[in-house]
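To start, the structure under review is shown below, and the notes come after it.
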Amino acid sequence: MPDAVIAATGLYTPPNRLSNAELVETFNAYVERFNKANAKAIAAGEVAALMPSSPEFIEKASGIKSRYVFDKTGLVDPELMRPIIPDRPNEQLSVLAEMAVEAAMDALVSWDKPASEIDAVICAASNMQRAYPAMAIEVQNALGIEGFAFDMNVACSSATFGIKTAADFIKTGSAKAVLMVNPEICSGHLNFRDRDSHFIFGDVATAVILEASDQAVGGWEILGTRLKTQFSNNIRNNYGFLNRADPDGVGKPDKLFVQEGRKVFREVVPMVSEMIVEHANDIGVDTARLKRLWLHQANINMNELIGRRVLGREPEPGENVIILDEYANTSSAGSIIAFHKTNDDFRTGDLGLICSFGAGYSAGTVFVRKR
């Protein structure tokens, strides 16, 4: 059976850009109002005063300077501090599917082949808009693709898990070409009233088309894929359909994204660094020859440390791609944005690594070589 090739990628960026300064202005207005309303309780030691934020704090802590969001109006309103995304009728394309289709169309332009030549669609993302029908089937229908489609969720590692799954379908002959999409409205699961995390995420959608090497023109040879999971509660989102069944749930705060950031840093950096080096050794890739690292865009400090450990030195400018300064953390889509935007200078034989890591813990590595 032929090997799988990454033939094309696509990107959809929402039109609304939200700067750190705008985010902080809204957050600090909320803090001021909260502290004023609870002044007596704060003075009595019954309630902790909230601390204001600053653009400098956000950039130092994460490397993030801005993010793109599907809706901005609700996020800059201190009374709401959540995106405003009205429900759509069932007859209309759902929001996440719409974003996925936009990214897929961008990839199809680069692929220069019709969508009808795709045999399967995988929607791999950290947050699904609904349980069923699968968004992947909705995307399949919107693009006029026959075959099969399904959703999968491995949090921030969803894209690399999706790439491996698609590559395995191709290697076994189940499909000749697969579309893998990663629509993310991360602003929908973020608590914008939490100083430690209100700045982390942005919204975006990416797409990857994989096809059999015997029919691909150019593209990226997949040298090896590897996946790893290790259970941890340090990154968690408890929102789900059983929330309404909790007899003690009335009055509880929304179950949104939470993390123990310092623990995640200490535990994930060595896990991912070792996984990359071991995988490279097993498939005969010299990490010193990697022209570029396209890592999950979670935190600049994590990425820089992983880059140094993998390369064994300080990365040269452009070797360890950082796009989170503009896009923030976009969960499953981050490493694909980095790959999509910074591979035009590769020549035949050049090596690179697509790597993701996140809640689970989960991690995935995809070593590629320009054909």
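What do you reckon, is Y30 among the hydroxyl-bearing types (S, T, Y), outside any loop (DSSP other than H, G, I, E, B), closer than 30 Å to T165 by Cα and in contact (Cβ under 8 Å) with a residue 24 or more places away in the chain? So Y30 fails the test. Given (1) of a type outside the set (V, I, T); (2) at pLDDT 95 or above; (3) on the phi < 0 side of the Ramachandran plot, where does G219 come up short, assuming only one miss? Among (1) of a type outside the set (V, I, T); (2) at pLDDT 95 or above; (3) on the phi < 0 side of the Ramachandran plot, the lone unmet condition for G219 is (3). Pull up segment 235-254, narrow it to residues that are surrounded by 10 or more Cβ atoms within 10 Å (Cβ to Cβ) and in contact (Cβ under 8 Å) with a residue 40 or more places away in the chain, then point me to the one that is farthest from F265 (Cα to Cα). Only one residue fits best here, namely D254.
Each residue in segment 151-161 was checked for being closer than 21 Å to I137 by Cβ and assigned to a strand (DSSP E or B), and 3 pass. Candidates V277, V268, V264, V272: the one that is in a helix (DSSP H, G or I), more than 18 Å from the chain's Cα centre (by Cα) and β-branched (V, I, T) is V277. Residues considered: V258, V208. Of these, the only one that is under 19 Å from the mean Cα position of the chain (by Cα) and surrounded by fewer than 22 Cβ atoms within 10 Å (Cβ to Cβ) is V258.
For every residue, the table says whether it meets (1) among the charged types (D, E, K, R); (2) over 19 Å from the mean Cα position of the chain (by Cα).
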| residue | (1), (2) |
| --- | --- |
| A37 | no, yes |
| A44 | no, yes |
| G63 | no, no |
| L75 | no, yes |
| I84 | no, yes |
| R88 | yes, yes |
| A97 | no, no |
| A107 | no, no |
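Entry remark, segment 221-253: residues being among the hydroxyl-bearing types (S, T, Y) and assigned to a loop (DSSP other than H, G, I, E, B) number 2 in total. On the basis of being modelled with pLDDT under 95 and assigned to a helix (DSSP H, G or I), does A41 make the cut? Judged against the criteria, A41 is a match. Filtered by the rule that a residue be hydroxyl-bearing (S, T, Y) and assigned to a loop (DSSP other than H, G, I, E, B), segment 162-199 gives T172, S174, S197.
When R369 is tested against (1) in a helix (DSSP H, G or I); (2) surrounded by fewer than 19 Cβ atoms within 10 Å (Cβ to Cβ), exactly one condition is not met: (1).
A residue that is under 17 Å from E221 (Cα atoms), in contact (Cβ under 8 Å) with a residue 60 or more places away in the chain and in a loop (DSSP other than H, G, I, E, B) occurs nowhere in segment 301-323.
Residue count for segment 96-127 under the criterion of being in contact with an Asp or Glu (Cβ under 6 Å, 6 or more places away or on another chain) and either free of Cβ contacts under 8 Å to residues at least 60 places away in the same chain or part of a strand (DSSP E or B) (or both): the result is 1. Given the criteria in contact with a helix residue (DSSP H, G or I) (Cβ under 7 Å, 6 or more places away or on another chain), over 24 Å from I58 (Cα atoms) and of a type in the set (K, R), does R289 qualify? So R289 fails the test. Annotation note: of D168, D151, the sole residue that is surrounded by fewer than 16 Cβ atoms within 10 Å (Cβ to Cβ) and within 25 Å of K228 (Cα to Cα) is D168. The lone criterion from (1) part of a strand (DSSP E or B); (2) closer than 13 Å to H198 by Cβ; (3) in contact with a Pro (Cβ under 9 Å, 6 or more places away or on another chain) left unmet by Y68 is number (2). Just a yes or no: is a residue in segment 336-355 assigned to a loop (DSSP other than H, G, I, E, B) and crowded, with 24+ Cβ neighbours inside 10 Å? Within segment 336-355, not a single residue is assigned to a loop (DSSP other than H, G, I, E, B) and crowded, with 24+ Cβ neighbours inside 10 Å.
Of the residues P83, P133, P89, only one is touching a residue at least 60 places away in the same chain (Cβ under 8 Å), outside any helix (DSSP H, G or I) and over 22 Å from S335 (Cα atoms); which?
Within the list P83, P133, P89, the selection yields P83.
Can you find even one residue in segment 67-84 that is touching a Leu at 6+ places or on another chain (Cβ under 6 Å), within 15 Å of P183 (Cα to Cα) and not charged (D, E, K, R)? Yes: segment 67-84 contains one or more residues that are touching a Leu at 6+ places or on another chain (Cβ under 6 Å), within 15 Å of P183 (Cα to Cα) and not charged (D, E, K, R).
The values are calculated or read from the model by the stated rules, or taken from the named source; none is laboratory data. The shown structure was predicted, so the numbers you read here are calculated from the model rather than taken from an experiment. So basically every Cβ, Gly included, is an ideal-geometry build from the backbone, and we count neighbours across all protein chains shown.
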